[in-house]
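The values are calculated or read from the model by the stated rules, or taken from the named source; none is laboratory data. Everything quoted here is computed from the prediction, not taken from an experiment. Using ideal geometry, Cβ is built from the backbone for each residue, glycine included, and neighbour counts are taken over all protein chains shown. To get the accessible areas, we keep the full protein, side chains included, count just its heavy atoms, and leave off ligands, DNA and RNA. Shrake-Rupley method; radii C 1.70, N 1.55, O 1.52, S 1.80 Å.
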Amino acid sequence: MIFQVRDDVQSALAQGVGVVALETAVLTHGLPYPDNLATMAKMAEAVRAAGAVPAVVGVRAGTLVVGLDQTEWPEILPGAEKCSIRDLGPVAARGGNGGTTVAATAYAAHRANIAVFATGGIGGVHRGVVDTWDVSADLYALARLPVVIVSSGIKSILDVPKTMEFLESLGIAVTGYQTRELPGFYTTASGIPLSESVRTPAEAAAVYRAMRDLGLPASLLVTKPGPEGMPTEMVEALIGRALLAAGEAGVVGKATTPFLLDYLNREAGDRLLSANVALLESNARLAGEISMALHA
Ligand code: PSU
Ligand code: MN
């Protein structure tokens, strides 16, 4: 079987219980072992605390699975491939294991009729794009897959202003959760104002419902500041060093984001990791609440 929605997820969907898709590139290429496994467990628990059902998405032995069991997560670890949308076919055909990015997870979620998806930060327009043309497939995926995606904005390893422009060009709605400023992932604020803001999960659900009723094809990006905001100067200095190291190492293409995240995880110490875990958990909780509000 090439695509499988597991029983617990199917019965939640049939009963009108909220379901939240969770990505696994964060396991394979986003966080160090074993923090990645512990974080996935915390995210799943946060979804359940909101009364919803988590659906962990990944490629296991050639099957794109929606609702991986906790005992299967260790199979989707380094060694497993980073699967964006273009990688799904090749990895499935060779019977491989893969961690799905935001793009690939949004695809699987939408195909399974799951409306809500939680992550840390989405991919976007990379710095140096003028030379590299490196723009994440996440942006194109969110332009044509109507899901609600909860994140803490866009990590400043990317060109955040250009990413915001591109989101607008692609018709992807961006709203702040209890904020009118785009969160800066590790930092609470990015300095970029948002034209839209919602105060409650019900308000976010109402915006998504309106988009669906209008027949719009794109996602709604709900951005929530992480609970453990870090000082901007510290984060910027670190990212500057990560980008230099990537340049020196000649890293290009799909290796770029994992290289930068790995550099940050290794160089930044516990505080950054703790901030990252905290925001993933809090985004999963909010996603759970929005998924429940959609069925209210
Ligand atoms: N940004 C983050 N953390 C992440 C990623 C991005 O702050 O873990 C991961 C996500 O899985 C995202 C992917 O979908 O990297 C984007 O990779 P690329 O830029 O190669 O499209
Ligand atoms: Mn890229």
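Within region 131-157, being of a type in the set (A, V, I, L, M, F, W, C), in contact with a helix residue (DSSP H, G or I) (Cβ under 9 Å, 6 or more places away or on another chain), within 16 Å of ligand 2 (Cβ to nearest atom) and not in a helix (DSSP H, G or I) holds for Val135, Ile154, Ile157. Looking across region 226-257, the residues that are within 29 Å of Gln178 (Cβ to Cβ), in a loop (DSSP other than H, G, I, E, B) and in contact with a helix residue (DSSP H, G or I) (Cβ under 8 Å, 6 or more places away or on another chain) come down to Gly226, Pro227, Glu228, Gly229, Met230. The residues of region 149-172 that are at pLDDT 95 or above, open to solvent by 10 Å² or more (accessible area, probe 1.4 Å) and among the small types (Gly, Ala, Ser), listed by number, are Ser169, Gly171. Against the list (1) touching a helix residue (DSSP H, G or I) at 6+ places or on another chain (Cβ under 8 Å); (2) under 12 Å from Tyr177 (Cα atoms), the condition Ser197 fails is (1).
Just one of (1) within 15 Å of Val147 (Cβ to Cβ); (2) in contact with a Lys or Arg (Cβ under 9 Å, 6 or more places away or on another chain) trips up Val222, so point out which. It is condition (2) that Val222 fails.
When Thr200 is tested against the conditions (1) open to solvent by 50 Å² or more (accessible area, probe 1.4 Å); (2) of a type in the set (Ser, Thr, Tyr); (3) farther than 19 Å from Pro227 by Cβ, the lone failure is (3).
Considering only residues in region 90-101 that are assigned to a loop (DSSP other than H, G, I, E, B) and surrounded by fewer than 18 Cβ atoms within 10 Å (Cβ to Cβ), the one that is nearest to ligand 2 (Cβ to nearest atom) turns out to be Gly96. For region 124-148, filtering for residues that are at pLDDT 95 or above, away from ligand 1 (no atom under 13 Å from the Cβ) and over 25 Å from Val207 (Cβ atoms) leaves 1. Within region 2-54, restricting attention to residues that are among the acidic types (Asp, Glu) and in a helix (DSSP H, G or I), which residue is modelled with the lowest pLDDT? Out of the qualifying residues, it is Asp35.
Might you check whether a residue that is within 21 Å of Asp262 (Cβ to Cβ) and either outside any helix (DSSP H, G or I) or within 11 Å of ligand 1 (Cβ to nearest atom) (or both) occurs anywhere in region 172-184?
Step one: list which residues in region 172-184 are within 21 Å of Asp262 (Cβ to Cβ), which gives 184.
Then keep just the ones that are either outside any helix (DSSP H, G or I) or within 11 Å of ligand 1 (Cβ to nearest atom) (or both); that gives 184.
Within region 172-184, one or more residues are within 21 Å of Asp262 (Cβ to Cβ) and either outside any helix (DSSP H, G or I) or within 11 Å of ligand 1 (Cβ to nearest atom) (or both).
Within region 246-257, being touching a residue at least 12 places away in the same chain (Cβ under 8 Å) and surrounded by 14 or more Cβ atoms within 10 Å (Cβ to Cβ) holds for Ala246, Lys254, Thr256, Thr257. For region 79-89, filtered to residues that are touching a strand residue (DSSP E or B) at 6+ places or on another chain (Cβ under 9 Å) and outside any helix (DSSP H, G or I), the residue that is farthest from Ala143 (Cα to Cα) is Ala80. In region 281-288, is there at least one residue being within 30 Å of Ala202 (Cβ to Cβ), open to solvent by less than 70 Å² (accessible area, probe 1.4 Å), away from ligand 1 (no atom under 16 Å from the Cβ) and at pLDDT 95 or above? Yes. Among the residues making up region 102-130, those that are within 15 Å of ligand 2 (Cβ to nearest atom), hydrophobic (A, V, I, L, M, F, W, C) and either within 9 Å of the chain's Cα centre (by Cα) or surrounded by 24 or more Cβ atoms within 10 Å (Cβ to Cβ) (or both) are Val102, Ala103, Ala104, Ile122.
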